[in-house]
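Notes follow the structure.
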Amino acid sequence: MPFNIPILLTWLRVAMIPLVVGVFYLPDAWLPMHTKNVTAAAFFIIAAVTDWLDGFLARRWNQTSSFGAFLDPVADKLMVTAALLSLLALDRVADLIALVIIGREITISALREWMAQIGASKSVAVNFLGKLKTTVQMVAIPLLLFSDRLFGFDAHLLGTWMIYVAAVLTLWSMIYYMKLAWPQIRERSSVVARAGAPK
């Protein structure tokens, strides 16, 4: 397993996940809810910055690796899923929205793994739509974690609208990737059907 600063930053992002979630389990006598909100949002923002920074440094220093390419999206999905589950427990995000976003991540991860096994991973490589979806999520989630007034704006309301936009982009990107993969899925299904047909 390679070890360098970009991979260290990715591991740091994984390590920050329990901090984002765990702060809400502290007794209110230790931390009032407002402080918990600020702390969780700050941890999430720091983790989101490392998501950009590790990729930038890996390309800048020519330290890209297959392990880093595997770990980076796993860390992102764990971070988003953990934050969404916390927001669900706090009743700050709708069940359906969380289900759509988490379900999409599981579906596309499985699709990419299968496409990689058949040597067609480039067909479902990350594109602009996927990056836009991730960006909107990374802005919406800390707003919902903060869930207070921010520079005169209602962070919870703004975060709610943005997470709905993220859900739409999530479905859109899932459909887009499925359409790209569909020729391979159809071809493989036909091969299996022919192999299983009676002689």
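Please determine, by comparing only the residues of the range 143-158 that are assigned to a helix (DSSP H, G or I) and touching a residue at least 24 places away in the same chain (Cβ under 8 Å), which one is surrounded by the most Cβ atoms within 10 Å (Cβ to Cβ).
Here the answer is L145.
Of the conditions (1) surrounded by 14 or more Cβ atoms within 10 Å (Cβ to Cβ); (2) under 20 Å from L143 (Cβ atoms); (3) not aromatic (F, W, Y), L53 satisfies every one except a single condition; which number is it?
(2)
So which of A58, A94 is among the hydrophobic types (A, V, I, L, M, F, W, C), surrounded by fewer than 20 Cβ atoms within 10 Å (Cβ to Cβ) and over 14 Å from Q137 (Cα atoms)?
A94
The rows are residues; the columns are (1) of a type outside the set (V, I, T); (2) in a helix (DSSP H, G or I); (3) over 16 Å from the mean Cα position of the chain (by Cα).
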residue	(1), (2), (3)
T35	no, yes, yes
V38	no, yes, yes
V49	no, yes, no
G68	yes, yes, no
R104	yes, yes, no
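If we scan the range 132-142, do we find a residue that is in a helix (DSSP H, G or I) and over 25 Å from T39 (Cα atoms)?
The answer is yes, given that some residue of the range 132-142 is in a helix (DSSP H, G or I) and over 25 Å from T39 (Cα atoms).
Would you point out which residue out of V136, V165 is in contact (Cβ under 8 Å) with a residue 12 or more places away in the chain and over 24 Å from G55 (Cα atoms)?
Unique residue meeting the criteria: V165.
State whether one or more residues within the range 161-170 are in a helix (DSSP H, G or I), modelled with pLDDT of 90 or more and under 26 Å from L26 (Cβ atoms).
yes
Filtering the range 99-115 down to residues that are surrounded by 13 or more Cβ atoms within 10 Å (Cβ to Cβ) and of a type in the set (A, V, I, L, M), which residue is farthest from K179 (Cα to Cα)?
L99
How many residues does the range 70-88 hold that are modelled with pLDDT of 80 or more, surrounded by fewer than 22 Cβ atoms within 10 Å (Cβ to Cβ) and either over 13 Å from the mean Cα position of the chain (by Cα) or not in a helix (DSSP H, G or I) (or both)?
Residues in the range 70-88 being modelled with pLDDT of 80 or more, surrounded by fewer than 22 Cβ atoms within 10 Å (Cβ to Cβ) and either over 13 Å from the mean Cα position of the chain (by Cα) or not in a helix (DSSP H, G or I) (or both): 1 in total.
Exactly one of these conditions fails for L129: (1) assigned to a helix (DSSP H, G or I); (2) closer than 23 Å to Y25 by Cα; (3) without any contact (Cβ under 8 Å) to a residue 60 or more places away in the chain. Give me its number.
Going through (1) assigned to a helix (DSSP H, G or I); (2) closer than 23 Å to Y25 by Cα; (3) without any contact (Cβ under 8 Å) to a residue 60 or more places away in the chain one by one, L129 breaks only (2).
Whether any residue in the range 153-160 is of a type in the set (V, I, T), touching a helix residue (DSSP H, G or I) at 6+ places or on another chain (Cβ under 9 Å) and over 22 Å from V38 (Cα atoms) is what I want to check.
No; the residues of the range 153-160 include none that is of a type in the set (V, I, T), touching a helix residue (DSSP H, G or I) at 6+ places or on another chain (Cβ under 9 Å) and over 22 Å from V38 (Cα atoms).
Among the residues of the range 17-71, which ones are among the β-branched types (V, I, T), closer than 14 Å to L145 by Cα and touching a residue at least 12 places away in the same chain (Cβ under 8 Å)?
I17, V20, V21, V23, V38, T39, I45, I46 - these are the residues of the range 17-71 that are among the β-branched types (V, I, T), closer than 14 Å to L145 by Cα and touching a residue at least 12 places away in the same chain (Cβ under 8 Å).
The values are calculated or read from the model by the stated rules, or taken from the named source; none is laboratory data. Since the model is a prediction, treat every value here as computed from it, not as a measurement. Using ideal geometry, Cβ is built from the backbone for each residue, glycine included, and neighbour counts are taken over all protein chains shown.
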